[in-house]
Each structure stands twice: as C-alpha cells, then as structure tokens.
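Let me begin by presenting the structure, written as structure tokens, before commenting on it.
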Amino acid sequence: MSLRTLFILLLATAVSMPAAPAGNSPEGTAPLISQAEALVLPGGELRSFVAARRALELGFPSVAAEIYTQLLGSLRTPGAERDVLVLELATARLDEGRTDEAAEALQLYRGGLTPAYQLRAGLIAARRKRIDVAKAALTATKPEDLVPGDRGWWYFLQGQVADAAGDFTKARDAYQSAGEVAVSEMQRAHFTLARERARLNLGDATESQLNTLRQSAERYQGKSVGYAYARQYAALLAMRGRTSEAVDFLSKQLQALPAGERAARDDFRLLMGLTAGTQRAEGRNALEGLLTSAGDTTLQRVALQLLARDAADAGFFARLNGLITAVPAHPILADLLLTRAQLGLTEKRVLILEKPGVQDPILGNQAQADLDAKALLSKFPGSELKAAALGLLADLAWIQQRYRSAADYAAQARAELLRGEVRASLGVMVAEAYFRAKDYAAADEAYAAALNEVPAGVSAGGLMTQRVLAKILGKHLDEAARLLDGFARDARLGVIERWQAEWTLARALQAAGRDAEAYVRVKALMAPAGDVAATLPPTLRARMAWLQARLSLEADEPQKTLELAAALPALPGELEPGLRAEVEASMRLLQAKAQFRLGKPEEALKMLASLRVDFPQSDAAVFSYIDEADYYAESNRLGDAQARLTKLADEFKQHDYAPYALYRAALIAEQRGQDQYYEEAYRILERIVSSREYGRSPIVFHARLKQGDLARRLNDFPRARLTYEYLINNYSYAQQPDVLAAELALAACHRAQITPTDVSHYESALTILERLQDFPNASVDMRVEAGFQLGDLLATNGKSPDYARAEAVWWTLVTTYLLDDVQAAKLGPKGRYWLARALLRLGDLRRERGDLEEARNAYELVLLKNLPFARLAGELFTRAGGKLQP
C-alpha cells in the first residue's frame with residue numbers, strides 16, 4: 001500500500017491511525033487545483049439582489065444603491081447580469097433624487113435599447129428638464145412592453161411631460177393612471193412623492209409672476225383655489241432657492257387653516273416636508289404630523305418613507321415605536337412593522353427598541369427585525385407586504401447562517417409572487433441556501449425548479465453544474481453522471497461549465513475508489529476535444545490533462561501515463577508562471593510514478609531527485625519524498641524509507657503532510673520490531689505532539705495514542721496509562737471518534753498490571769469494559785471487542801475466575817450482534833473476529849466442563865456464520881464429537 005493511499009485510509013483501517021488531509025476529498029486541494037477557477041455560487045449575490053429590491057420598494061434607495069454598487073464591483077465580466085444591476089442602480093439613484101449619479105450609472109449599460117432602459121433614460125431626461133428627450137423615450141416605449149413594476153413609471157413620465165407642456169388635465173390623468181397600475185400601496189406612495197418632487201423642479205417664474213401668485217393666494221384664502229395658488233407659490237419660491245421664504249409662507253398657511261380643512265393641511269405638510277427637509281424642525285415636524293394623523297394612508301406612507309430614509313435617528317425610532325404600540329392600531333401598522341424590521345437589518349449604531357439585558361445593537365436590532373416581520377405575518381396574513389416580510393426573514397436567516405430557515409422563508413416569499421425577477425432570484429436563493437445547509441437532496445430539487453425560471457443574468461449552465469455538484473456531495477455519483485450526460489445535450493451548458501463539472505465528478509469518482517470510471521469519462525471528454533479545448537481557460541485545460549494522466553496511472557496504464565505527461569509541457573506557455581511551474585513539477589512526478597510502475601526504479605529515483613532540485617518548493621517535491629519512501633518500504637529498506645519521511649518533515653515543516661510523514665516514519669520504525677526502534681518511534685511521535693506547528697492537526701491525537709501503544713510494547717504500563725488518561729480527560733479530544741479506543745487501551749493497560757495483592761487495576765479494567773460494551777456512541781465492532789475482553793477478564797481472574805459470568809457476557813454478544821440480522825449487518829471485520837474468538841472460548845469452556853453438545857453448538861455457529869477461524873472451529877467441532885457436513 002502506498003503512503004498516500006495509507007493517508008486516505010488511516011482512520012478506516014485502524015483505530016490508532018490518523019485521518020487523511022482534507023485534500024483527498026473532491027472539493028479539497030490537489031495538484032493543479034490550488035490556482036484553478038472555483039465555481040461561483042450565485043446564492044449570496046442573489047440574496048443581496050433581493051434585499052436591494054426590497055429596500056428600494058420600502059423607501060430605502062440609498063441602501064439599495066449601496067448593495068447594487070457592491071454587486072457590480074464583484075462582477076468580473078460585463079453581460080446581461082451586469083446590465084440588470086445597472087438598471088436597478090439607476091432606479092435607486094433616481095429614487096434618491098440624485099439625477100447626475102443615475103445618469104452615470106446608466107452610462108455603464110452595455111445592452112440594447114430595451115424598454116426598461118428607454119424608460120429610465122426618459123425619467124433622467126425629465127429630471128434634467130430635457131423634455132424633448134423624455135418625450136422621445138415615451139414614444140419609443142409602450143406600457144405593455146414593460147414589466148408590471150415599471151408600467152406605473154411610464155404613466156408617471158407621461159405626466160411629467162404633460163406638466164412641462166402646461167397640459168395639466170393630461171398630467172392629472174397620467175398621474176392617476178400611474179396610481180391605478182401601481183403594483184402595491186408602497187409603489188403608489190412612491191408615485192405621490194415623486195410627483196410632488198417633480199413639480200418642485202419643473203418650470204420657472206419671474207418675480208412678477210410670483211407676485212401674482214401670492215396675491216391670488218391672499219385673495220382666495222380659505223378656498224380650495226386659494227390653497228392651490230399658495231402651494232404653487234411656495235413651490236416656485238423653493239425652486240428659485242428661496243427656501244426660508246417658502247418655509248415661512250407655508251408655516252403661516254398651516255397656522256391659518258381652519259380645523260376642518262384636513263386634506264389641505266395634509267397637502268401643505270407634505271410640501272413643507274419636501275421643501276424644508278427632515279434636517280429642519282419645520283420639515284420634520286410636518287412629516288411626523290403627516291405620519292401620525294394624515295387622512296390619506298398614501299400620504300402617511302410617503303411621510304414614513306421620507307423619515308425612515310433621511311431621519312432614522314433615536315428620535316424617529318422612539319416615534320416609530322410609539323406608533324406601532326398605539327391603541328387603536330395605526331392605519332398603516334403593517335408598513336410601520338416592516339419599516340422597523342428593515343431598519344433593524346441596517347442600523348448598527350443604536351438599539352431601535354431598548355430592552356432589558358440587550359446591549360449589542362446589531363444582534364438586538366436583528367432580533368427585533370425577526371419579531372416585527374413575524375408580527376406582520378401574524379396580524380396581516382393577507383397583506384401585500386407578506387412577500388417582503390418573508391424575504392426579509394430569509395435575508396436575516398442567511399446573514400445569521402441559518403440556511404435551512406433561509407431556504408424555507410425564501411420558498412414562501414417566492415410562492416407569494418406570480419412572476420418576475422425577484423421570484424426567479426428567490427428560486428435560486430432557495431437552492432443555494434439548501435446547498436449551504438448541506439441538504440443536497442433538497443438543493444438538487446430546488447436547482448431543478450430554478451432551471452425552469454432562470455433569473456436574468458444568471459447562467460443556466462451554472463445552475464446545471466451546481467445541481468450536478470449537489471448530486472456529487474450527496475454521494476449520488478451515478479445520478480450525477482447521468483444528469484451531466486443529459487445536460488451535455490443542452491445548449492445552455494457552456495463548454496467551460498461542462499468541463500468544470502466533469503472535473504469535479506471525476507475527482508469525486510476517484511476519491512470513491514472508482515478510478516476506472518473516472519478515467520473512462522475523462523478520456524471520452526478529452527478525445528474529441530480538439531478546437532473546443534482551445535477555447536477553454538488554460539488552467540482548466542491543464543487540470544483536465546493532468547487528471548487524465550493521473551487516472552491512466554491508476555488504471556495501470558503507466559506507458560499511457562508517460563505519453564500524456566509528455567504532452568503536458570505544450571500547455572505551460574499559456575499559463576502564468578506560478579501555475580506553469582506547478583504543471584511541470586506535477587508532470588515530472590507522474591512520470592516518476594509511471595517509471596516505478598514499469599519496474600524502472602533507477603530512472604524514477606533520478607527523476608524525483610531532479611524534481612526536488614528544479615521545483616524545490618512545489619507540492620510535487622513534497623509528494624516525491626512520499627513516493628520514494630513507498631518504494632523503499634516495499635523493497636524492505638525500512639531505514640531508507642524512514643529517513644525520506646523525516647527529511648520531508650524537516651524540509652517542509654509548515655506543509656500539511658509534514659506531521660503525517662512523521663507519523664508514518666514512526667510506524668515504519670515500529671515495524672522494525674525491536675525495543676530500540678520502539679523507543680525511536682516514540683521520539684519521532686514526540687516531535688508531533690510537542691510541536692506548536694502541528695498543534696491544530698488531528699494527527700496529534702493519534703500520535704499520542706500510538707505513543708501509549710508503544711509504551712505498552714515496551715512494558716512501560718505506567719507511562720502508557722498516563723498517556724491514555726491524558727487523551728480521555730483532555731476536553732479538546734472529547735469529540736475525537738477514537739477517544740473510545742484510548743479507553744479500551746487503558747483497560748488493557750490496567751489488566752496488564754493486575755497482581756494478586758492489588759485488585760484496583762482489575763476493578764478499573766472491569767469498569768471501563770462494562771461501560772464500553774453498552775456505550776451507545778461506540779461502534780458495534782468496539783462494543784463487541786469490549787464485550788469479549790470483559791468476558792476474558794472475568795474468565796482469567798487469577799484464583800477466582802467467574803466462568804458463569806464470562807459465558808453470560810459472551811453469549812449476550814452472540815445473541816445481540818450475530819443472531820440478530822439487523823445488528824449482524826452492522827458488523828465489520830473486527831467485530832466478526834472478536835465474535836469468533838468469543839464463540840471459540842465459549843466452546844472451550846463447555847468442552848472442559850464435559851458439556852460437549854453446547855461446545856459443538858458454539859463451534860458450529862462459527863462455521864454457519866462464516867466467521868474467522870473457521871478451520872480451527874471445524875477441528876474443535878470434530879474433537880467434540882461433531883460430524884462435519886461435506
């Protein structure tokens with residue numbers, strides 16, 4: 001067995017052997033993988049996209065803009081996904097009122113002149129008073145060409161163009177249409193706010209016209225027409241930069257309003273809030289009054305958006321908390337709850353709602369956001385905000401890495417939406433959340449559903465490869481292969497995505513010991529590659545070429561390996577220097593392996609030596625020492641093998657394989673079979689357990705366990721006992737699967753120290769073995785071994801053996817683990833070995849007592865169950881008077 005194969009099988013083959021490095025798993029590291037391009041999982045980005053959409057819909061455009069900017073910065077290449085984000089960013093900037101930045105965002109757009117692009121270009125033009133451009137954008141699009149969420153904005157733009165032309169009737173009708181097609185009350189509030197802002201920016205007036213408006217407002221004071229003149233006069237003052245005059249005028253109008261003019265009061269409050277802004281007391285007070293007591297819920301939502309966006313401080317939080325708990329319930333309580341929940345995700349400075357014992361603002365606000373979203377769902381099950389609340393809960397669960405909950409909430413949010421990008425994005429988020437929760441079966445189903453509704457800009461091929469990966473990680477390699485074969489006929493699966501998936505599948509097959517199948521797949525892929533391979537990234541081509549060469553060796557085709565390895569140098573010219581060196585070093589290592597396999601060790605050893613000279617710091621140089629040690633060990637040159645392994649550890653102290661090399665060197669020293677070598681093995685292991693460099697390595701536990709075993713070989717039982725007790729009592733080793741092996745070894749150590757005058761060791765061994773034989777966390781094989789040792793201890797207890805109790809223990813083992821088919825199926829080779837020993841001892845005890853029939857029954861069970869020692873059992877069966885069946 002090669003050393004690297006041993007590393008993979010260490011824990012599986014012996015309780016005192018360590019686990020392999022992570023690199024032996026398909027998703028771990030291996031030669032040529034470290035610089036390979038990893039698959040990009042879109043779940044996190046789509047979660048952010050959904051969160052940004054929700055922030056925009058709830059009136060937090062600055063939050064949305066920040067998220068979109070981050071997402072754009074993370075994209076490496078332009079394409080449909082980038083254009084979707086550009087349009088979203090332009091929308092957020094428009095909603096913020098930052099027209100110039102919206103225009104800058106739109107300049108990043110690289111797609112065609114779609115209706116969505118034309119609409120945003122028209123809205124920007126209207127803001128800049130370029131009405132001719134806005135009008136052209138209207139002409140170029142139709143409402144039915146837009147997604148439902150954009151149609152209201154088309155009518156809104158139509159209203160702006162009509163306003164600028166002085167056609168107020170047409171403008172009024174257009175604004176009314178925008179409200180009618182709004183997809184939610186929240187969007188309807190957006191239109192109201194945007195309309196008022198637009199009117200503040202459109203048109204201009206001379207001083208004479210301003211005087212006329214003021215005089216008209218005074219003449220018709222107390223009448224509807226007078227209120228209209230007053231609002232127009234204040235708006236024009238503000239537009240000309242005379243904000244203080246506008247604020248003073250509006251304050252006087254509000255003071256003079258009769259109590260019954262509720263609608264007019266609300267209009268003046270909104271205008272005051274927009275004119276003065278939330279940073280001035282007049283503006284903030286007006287908006288807070290609007291939020292508290294406006295007669296129109298749409299205007300209340302407008303005020304809520306403005307305050308939450310621009311005045312989210314302790315004072316606003318207190319007002320918000322009071323409105324949420326008010327009796328009777330506030331008319332827009334659902335909006336208040338969702339707004340506070342959204343603020344809870346973004347507010348990191350202060351607690352939005354003070355609670356006893358809560359100190360951390362982030363954790364406290366997140367907990368409150370969770371409560372608020374759930375309260376909305378409970379109190380308003382039919383609310384149009386339900387999808388947003390569920391999306392927020394999904395977002396929060398994702399942030400907290402509660403991925404299964406994130407998948408559940410995202411699935412519920414998706415079910416609330418009939419169509420659109422957010423619904424499609426949520427579908428992918430569900431799949432990615434399950435994937436991160438390691439529920440690969442659910443992820444597989446979710447990816448299948450997402451492929452039926454792929455979000456714009458998300459690669460369908462990427463979703464296909466993710467679904468294949470879910471199958472692989474779920475240990476369904478045959479299904480993964482069939483799935484990938486089917487996807488290969490789908491035009492949506494790109495060449496690079498196909499090869500990446502094939503690489504992952506081949507590595508998984510290799511890790512599962514199915515090298516031949518992996519080799520067949522890679523050969524079939526590489527054979528017709530031709531011009532297709534030329535379109536692949538050089539790193540991916542190098543990986544596949546290396547894997548094919550490696551698999552040919554595992555398929556016992558060393559001559560083919562040499563041919564494939566010789567072809568690898570044709571690739572490095574296209575690779576960056578670091579990867580090129582890695583490819584060349586790995587190729588040299590493969591050639592040496594092939595030479596060993598062909599029976600040419602001299603050539604192989606020369607090649608390994610040259611590899612270490614030419615590429616001294618490469619992983620291949622590390623592996624070269626391992627391959628050389630394998631050769632020496634198989635040639636019974638144990639001293640040379642041990643020397644190569646210790647040299648690896650000396651030369652590469654920081655490498656993951658260094659402690660494993662020392663462990664293997666200790667095993668080889670032990671194999672030399674003399675006390676001096678046992679001591680040497682102990683000292684080698686001490687390098688592992690005493691080194692700070694290896695302190696976090698799982699090998700440390702196994703090195704200490706092996707030290708205990710070596711001390712027992714040297715009959716130094718006190719030292720062995722202290723070693724085992726240290727492992728058992730050390731909290732950091734409590735979760736080690738093999739800590740129970742240390743307990744079993746400790747029992748053996750106590751047993752070896754039993755004397756006629758000291759029964760304490762007998763009692764200690766008895767206690768440990770009784771516990772292990774029934775310990776539910778112990779494997780079936782370990783329970784069987786502990787049971788055998790317990791019976792053997794009872795049967796050999798010096799002058800007072802307890803044969804009856806020993807027989808009872810052994811017979812219980814047989815009935816529990818051998819005669820019960822369910823338990824018998826769980827037995828491994830070690831368990832079957834110890835059961836055979838138990839039955840033989842049972843038979844011997846019965847034969848010694850003259851009970852030949854029961855002795856024969858025990859021996860016969862060994863034969864019937866095809867256990868180890870069948871030949872010996874047959875001989876004993878015959879001696880006890882039995883007759884073997886031919």
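The values are calculated or read from the model by the stated rules, or taken from the named source; none is laboratory data. Note that the structure is predicted; figures quoted are calculated from it, not measured. No Cβ is skipped: glycine too gets one built from the backbone with ideal geometry, and neighbour counts run over all protein chains shown. Side chains included, ligands, DNA and RNA excluded: accessible areas come from the protein's heavy atoms. Shrake-Rupley method; radii C 1.70, N 1.55, O 1.52, S 1.80 Å.
Only residues that are within 13 Å of residue 308 (Cα to Cα) and surrounded by fewer than 22 Cβ atoms within 10 Å (Cβ to Cβ) were counted across segment 346-372, and they come to 2. Within segment 751-770, the set of residues being open to solvent by 50 Å² or more (accessible area, probe 1.4 Å) and over 47 Å from the mean Cα position of the chain (by Cα) comprises 751, 752, 754, 755, 756, 757, 758, 759, 760, 763.
Sort out for me the helices (runs of 4 or more DSSP H) sitting completely within segment 384-494 that have 2 or more residues that are open to solvent by 40 Å² or more (accessible area, probe 1.4 Å) and in contact (Cβ under 8 Å) with a residue 40 or more places away in the chain. Result: 421-436. Within segment 778-792, the presence of a residue that is exposed (fewer than 15 other Cβ atoms within 10 Å of the Cβ) and of a type outside the set (Gly, Ala, Ser) is excluded.
Per this entry, residue 693 is not counted among residues that are assigned to a helix (DSSP H, G or I), over 29 Å from residue 590 (Cα atoms) and at pLDDT 90 or above.
Of the candidates 610, 624, 618, the single residue that is hydroxyl-bearing (Ser, Thr, Tyr) and surrounded by fewer than 19 Cβ atoms within 10 Å (Cβ to Cβ) is 610. Residue pairs whose Cβ atoms lie under 6 Å apart, separated by 6 or more positions or on different chains, with the first residue in segment 632-656 and among the polar types (S, T, N, Q) and the second surrounded by 14 or more Cβ atoms within 10 Å (Cβ to Cβ) and at pLDDT 90 or above, are 642/665; 642/668; 642/669; 646/665.
The lone criterion from (1) touching a residue at least 24 places away in the same chain (Cβ under 8 Å); (2) among the β-branched types (Val, Ile, Thr); (3) out of contact with any Pro (no Cβ under 6 Å at 6 or more places or on another chain) left unmet by residue 689 is number (1).
A quick yes/no check of all residues on (1) β-branched (Val, Ile, Thr); (2) farther than 30 Å from residue 316 by Cβ; (3) modelled with pLDDT of 80 or more; (4) surrounded by fewer than 18 Cβ atoms within 10 Å (Cβ to Cβ):
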residue: 174; (1), (2), (3), (4): no, yes, yes, no
residue: 189; (1), (2), (3), (4): no, no, no, no
residue: 204; (1), (2), (3), (4): no, yes, no, yes
residue: 242; (1), (2), (3), (4): no, no, yes, yes
residue: 264; (1), (2), (3), (4): no, no, yes, no
residue: 278; (1), (2), (3), (4): yes, no, yes, no
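Of the residues making up segment 632-678, those that are under 27 Å from residue 692 (Cβ atoms) and exposed (fewer than 14 other Cβ atoms within 10 Å of the Cβ) number 3.
Scoring residue 774 on the criteria (1) open to solvent by 60 Å² or more (accessible area, probe 1.4 Å); (2) more than 22 Å from residue 836 (Cα to Cα); (3) not aliphatic (A, V, I, L, M) leaves a single failure, condition (2). In this structure, is residue 805 open to solvent by 40 Å² or more (accessible area, probe 1.4 Å) and touching a Gly at 6+ places or on another chain (Cβ under 9 Å)? For residue 805, the condition - open to solvent by 40 Å² or more (accessible area, probe 1.4 Å) and touching a Gly at 6+ places or on another chain (Cβ under 9 Å) - is met.
If you go through segment 329-359, how many residues are small (Gly, Ala, Ser) and assigned to a helix (DSSP H, G or I)?
The qualifying residues number 3.
Kindly indicate the residue of segment 176-187 that is within 23 Å of residue 290 (Cβ to Cβ) and not in a helix (DSSP H, G or I) and also modelled with the highest pLDDT among those meeting that condition. Among residues in segment 176-187 that are within 23 Å of residue 290 (Cβ to Cβ) and not in a helix (DSSP H, G or I), the one modelled with the highest pLDDT is 182. Taking segment 698-809 and the helices (runs of 4 or more DSSP H) fully enclosed by it, the elements with 1 or more residues that are among the polar types (S, T, N, Q) and either modelled with pLDDT of 90 or more or touching a Cys at 6+ places or on another chain (Cβ under 7 Å) (or both) are at 699-713, 717-729, 760-774, 780-795. Evaluate the following for residue 660: is it of a type in the set (Ser, Thr, Tyr) and within 34 Å of the chain's Cα centre (by Cα)? Against the criterion (of a type in the set (Ser, Thr, Tyr) and within 34 Å of the chain's Cα centre (by Cα)), residue 660 qualifies. Output the residues belonging to segment 808-839 that are crowded, with 21+ Cβ neighbours inside 10 Å and more than 16 Å from residue 783 (Cβ to Cβ). Selection gives 839 alone. Report yes if residue 51 is at pLDDT 75 or above, part of a helix (DSSP H, G or I) and open to solvent by less than 30 Å² (accessible area, probe 1.4 Å), otherwise no. It is false that residue 51 is at pLDDT 75 or above, part of a helix (DSSP H, G or I) and open to solvent by less than 30 Å² (accessible area, probe 1.4 Å).
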